[in-house]
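Peer 1: Quick one: the structure is below, questions incoming.
Just so it is clear, none of the values below were taken in a lab; they were calculated from the coordinates. Since we're looking at a predicted model, the values are computed, not measured. Backbone-built Cβ (ideal geometry, glycine too); neighbour counts: all protein chains shown.
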Amino acid sequence: MNLRAASFVLCMAVALIGSRSARATGNDVQAWPLVRVQHGIGEDWGVAFTVRGRWDDNLDHRKDWLFRPYVEWTPIAHIPLVESLTVMAGYDYLKVNDGRNEHRGWQAVHHTPKVGALGIVHRVRLDERKFNGIDEVIWRLRYRLTTTRQLFDTPWYGRLSDEVFANLNQAGGGEGPASGFEGNRARVAIGRFFTKRVRLEAGYQFEYAHRRNRHNQFRHTMFLEMQLATGRVRKFERRKEAPVEAPAEGAVGPAAPDAGSR
C-alpha cells in the first residue's frame, strides 16, 4: 500500500466522521495512562499484558480500567512472500466505575509491508463484546492504519494512526451499542527509546464516538504509554532495514503490532 492509498483511507475516514456528526455533538477531554509488558518466547511467539486507565468528563472522573492479556505469533519464517504478518488473540476486561463492565475476547491480524523509511502497519481486529446485564454477544470489527518513522538519526520517532470501529450486530434493546459505525480514532504521537527494550510514547488522540440514545461526542485525549520488552529478541526485530532500530511496539518489531489501548 503506497502513501497515496494510505492518504485516501484517512480522507475517507474523516469524511465518514463528518457525515455522522450532523446531530448534536458534545466535547470531552480525557487522559489515558498505559503500561504494557511484552515478553518474547523463542523467535516467533510472545505474550503481553496491558493496563490502561481512563479519566473522562474533562479529567474530573475516573471512568474505567482496562486489563488485557494476549498472545502473539509472527510466522514470517513459515509463510512465503510475507514480509511481516502477526496474529494475535487476547481477552479484555474493562472495569467501569458505573458497574457496566465489559468482557471482550478478540483476534487480530497485523501486516507490515516495507515502504521506504516508513514503518506501516495494517491491523484488522474482531471483538466479541459481552456487557453486564446484556445476554447477547456484540461483534465489532476494527481497522487501523499506523505509520512510524525514526526522527533523524536519534532514538526518537514519530507516529500517526487512524482506526475505524463498526458493530456488526445490535443487542440489549436500548442498552447495548447500536449496529453500524461506532467511531473513529486518529492519533499523533512522539516516542523515545531509552534502551532497545524500554520506550515511552506520548501524544494526542482525536476520537469521534457515535453513541446510542445519547449525543455523539468528540473526545480529545492526552495519552502517555510506557512499554517494556523482555525475553528473547525475535526475528523481526533483527531486520536490518527496520525504520527504527529498536522495536517501536516492543517485542515484535519497529512499526509494529500492538493490541491498542481500548
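Peer 1: Can you put THR147, THR25, THR86, THR112 in order, fewest other beta carbons within 10 Å first?
Peer 2: Exposure proxy ranking, most exposed first: THR25, THR147, THR86, THR112.
Peer 1: Oh, and also: Assign unit charges at the C-beta atoms only (+1 for Lys and Arg, -1 for Asp and Glu), then state the dipole size of segment 27-178 relative to its Cα centre in Debye, rounded to the nearest 20.
Peer 2: Computed charge dipole of segment 27-178: roughly 200 debye.
Peer 1: Still on this model: Which order do SER84, SER161 fall in if you start with the one that has the fewest other Cβ atoms within 10 Å?
Peer 2: Ranked by crowding around the Cβ, least crowded first: SER161, SER84.
Peer 1: Under 10 °C and 1.306 mPa s, how fast does segment 49-196 diffuse according to Stokes-Einstein, given a Kirkwood radius computed over C-alpha pairs? Answer in µm²/s, whole number.
Peer 2: 90
Peer 1: As an exercise, use a Förster radius of 35 Å and the Cβ-Cβ distance of LYS196 and ASP98 to find the FRET efficiency, rounded to the nearest 0.05.
Peer 2: Taking R0 as 35 Å, the efficiency between LYS196 and ASP98 is 0.25.
Peer 1: Mind listing the phi-derived Karplus ³J(HN,Hα) values for segment 213-218, rounded to whole Hz, using 6.51, -1.76 and 1.60 with θ = phi - 60°, and x for any glycine or proline?
Peer 2: Listing the rounded values in order: 6, 9, 4, 4, 9, 8 Hz.
Peer 1: So what's the net charge close to LYS130: Lys and Arg +1, Asp and Glu -1, counting the other residues with Cβ under 12 Å from its Cβ?
Peer 2: -2
Peer 1: In segment 66-168, what trypsin sites (Lys or Arg not before Pro) fall in a loop by DSSP, with at most 16 other Cβ atoms inside 10 Å?
Peer 2: ARG100
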